[in-house]
Amino acid sequence: MNKNIRIVALCLAASMMISLAACRPQGQETTATSETTTEATTTTSAAASETTKESETSATSDDNGLPLKGCKIEFKPEDQRYHYDMDLKLDTSRKTIGGHVVFDFYNDSAADWDKLCLRDYPSLYKNPKNVGYDAGVKTHGEITEITNITDGRNNGKIEMTRDEDVSVVWLPLATALKPGEKMTLSYDFVATIPTVADRYGYQDGVYNVTNFYPILAEYTADGWSHAGFYSVGECFYSEISDYDVRLTVPEDMVVLSTGLENGENKRSDSKTITIHADCVRDFVFSCSQDFEVVEGDYKDTHIRVAYTEEDYPEYYGKTAEVYLKASIDSLRIFGEAFGEYPYKDLEVIIAPIAAGGMEYPNLIIITKDSYAAEEDEESQDQIIQLEADNVVSHEIGHQWFMGIVGSNSGMQPWLDESFASYTEYVYDVGVYPDKSDNERLPITFKDDSSDEEWKANMTESGYIPINRPYYDFDNQFVYITAVYSMGKDLLIDMEKAVGREDFYAIIREYVQENAFRNADQSDFFRVLYKYAGTDNKELNSLTFKYLDDKGQAPAA
Ligand SMILES: [Zn+2]
């Protein structure tokens with residue numbers, strides 16, 4: 001998810017070309033000597049070469065076992081993936097999505113499972129308070145109906161219960177599922193799609209159908225994870241699965257989804273699309289009868305950008321073209337830095353949603369900014385490019401940090417949001433190599449010590465630790481500033497401490513080690529210190545300032 005860009009974009013829309021340099025943190029005023037070097041070398045930065053030991057331990061060559069630039073990211077073996085088989089129908093008259101699900105999985109933990117936990121997020125829309133709305137929601141949802149829940153091992157029916165948090169659904173098992181044991185769970189469901197401009201909702205002819213079916217929660221060392229839902233933050237946390245979906249929609253609906261369409265069966269007023277997705281954490285789709293689509297390719301990946309024209313066909317058409325280019329650039333730059341995007345499709349939806357953008361496997365949603373359509377052409381172009389460079393790149397960055405490397409987005413939000421925010425910078429360096437560091441976004445607020453909310457969250461070091469669970473931040477402002485802005489700063493400053501190419505190589509190794517599993521922050525720190533060394537004073541001082549547990553770093 002991306003929130004901060006709204007502030008930036010609105011500033012530009014009002015022709016308030018604020019001085020970005022004035023907002024930059026002090027730590028970034030020093031421009032690395034190799035800042036504008038476009039071609040990678042294995043040379044370490046000045047900071048990282050403080051000691052000879054660091055240059056030995058933070059090498060980027062394959063001699064040291066670090067993956068090379070642009071390396072491939074292999075899918076998890078098929079027998080380790082779960083599998084959802086879904087027959088779905090979008091009912092546009094009732095605004096519901098529902099169908100039959102057959103879910104094959106196994107107990108991937110060392111504990112017996114005497115119950116399962118499903119997450120049912122659409123039920124939260126029954127009460128707008130749950131999802132953070134207090135006005136403007138035209139219709140609220142109903143609690144999702146989940147019926148015919150069956151344990152395939154004995155064809156026994158399962159009686160579900162819900163927590164007070166209605167998104168938490170418990171399925172007691174008559175016979176516990178043993179470690180390694182397989183099971184087929186089947187159920188029917190019908191969920192209401194609220195009429196609201198959101199990542200899950202219907203607005204202006206566009207359906208964003210995400211986090212919509214009851215999905216198995218993640219089992220952790222503390223049991224089933226069922227963190228609370230946040231309208232600004234995230235709580236989504238699931239296992240890598242394959243999906244076979246047959247989706248029935250009105251005949252003239254243009255559908256973009258996770259995975260690849262591999263067939264279509266048309267009837268007089270409806271059609272059923274067959275979709276297969278390999279090795280993803282979720283299945284989502286967006287659709288509209290009014291979607292226009294522009295398309296392009298990067299290597300083996302086909303990219304589609306969908307938008308509705310409304311009253312400004314030229315403006316939205318231009319926006320889609322710029323977003324397509326930013327998508328291709330993102331796949332190229334991130335593929336080289338972190339390992340090649342392993343999927344054959346990427347969908348970019350331009351639609352009205354509350355946040356600046358939202359990420360899902362193979363599909364991102366970028367908010368539709370109708371305010372900009374009435375600006376003069378020069379302002380329009382600036383706004384479109386700014387959103388492409390920051391929101392589109394951020395959400396595509398999530399394909400690596402959320403999609404490929406999963407994490408607990410409620411308990412350790414920095415592992416996906418700080419990293420996705422850092423990818424905005426990586427993109428900026430890749431697309432605009434000649435910019436000076438002072439010309440680069442982001443704007444950060446970490447030195448705004450006059451703010452009372454900020455002060456209340458600060459530690460003695462004068463920073464807000466970013467690696468906290470969502471609920472440990474006092475409010476959305478502090479959460480966004482810490483996890484997005486400061487998290488981005490931390491990773492940029494780590495890059496400067498270690499050296500750009502070395503840091504990319506370390507992240508590549510982190511991605512390779514954790515691809516298609518759920519990582520913990522200790523997985524990142526282990527790789528970081530293994531290859532950057534434990535005696536990099538600059539690095540240690542960063543972790544000391546920014547991280548609650550000092551990033552498990554050695555004493556500074
Ligand atoms: Zn994000």
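General observations
- Estimated FRET transfer efficiency when R0 is 30 angstrom, pair residue 475-residue 251 (beta carbons, to 0.05): 0.05
- Fewest-first ranking of 254, 429, 348, 391, using other Cβ atoms within 10 Å as the exposure measure: 254, 429, 348, 391
- Each Lys or Arg adds one and each Asp or Glu takes one away; over the other residues whose Cβ falls under 14 Å from the Cβ of residue 302, this sums to -3.
- Relative contact order (%) - the range 113-222, alpha-carbon pairs under 8 angstrom, separation at least six: 36 percent
- For the peptides 392-402, 470-480, residues were scored by their other Cβ atoms within 10 Å and the scores averaged per peptide; the highest-first order is 392-402, 470-480.
- Pairs from 72/368; 266/368; 72/178; 69/488 whose Cα-Cα separation, in the structure shown, is over 25 Å: 72/368; 266/368; 72/178
- Computed from the Cβ-Cβ distance with R0 of 35 Å, the FRET efficiency linking residue 541 to residue 435 stands at 0.85.
- Sites residue 148 and residue 377 - FRET efficiency at Förster radius 56 Å, r taken between beta-carbons, to 0.05: 0.50
- Rounded, prolate or oblate (a/c below 1.5 giving rounded, otherwise prolate when a/b exceeds b/c) for the range 78-289 by Cα gyration tensor: oblate
- Within a straight-line Cα-Cα reach of under 15 Å, residue 129 can be paired with the following aspartates and glutamates, leaving aside sequence neighbours fewer than 8 residues apart in one chain: 142, 164, 165, 198.
- Likely footprinting exposure, 417, 239, 314, fewest C-beta neighbours within 10 Å first: 314, 239, 417
- Reported to the nearest whole Å, the Cα centre-to-centre distance from the range 373-397 to the range 461-492 is 25.
- At full extension, residue 159 and residue 80 could sit 25.6 nm farther apart than now, given 0.36 nm per residue minus the alpha carbon distance.
- Cα-centre dipole for the range 78-289 with unit charges at Cβ (Lys and Arg positive, Asp and Glu negative), debye to 20: 520 debye
- Relative contact order (%) - criterion: Cα under 8 Å, at least six apart; region: the range 78-289: 25 percent
- Exposure proxy ranking, count of Cβ atoms within 10 Å, fewest first, for 267, 162: 267, 162
- Sequence-distant contacts, meaning Cα pairs under 8 Å at least 6 residues apart, place the relative contact order of the range 213-364 at 20 percent.
Laboratory data are not the source of any read-out in this text; all were calculated from the coordinates shown. Everything numeric here is computed off the predicted structure, so don't read it as measured data. Neighbour counts run over all protein chains shown; Cβ positions are idealised from the backbone, glycine included.
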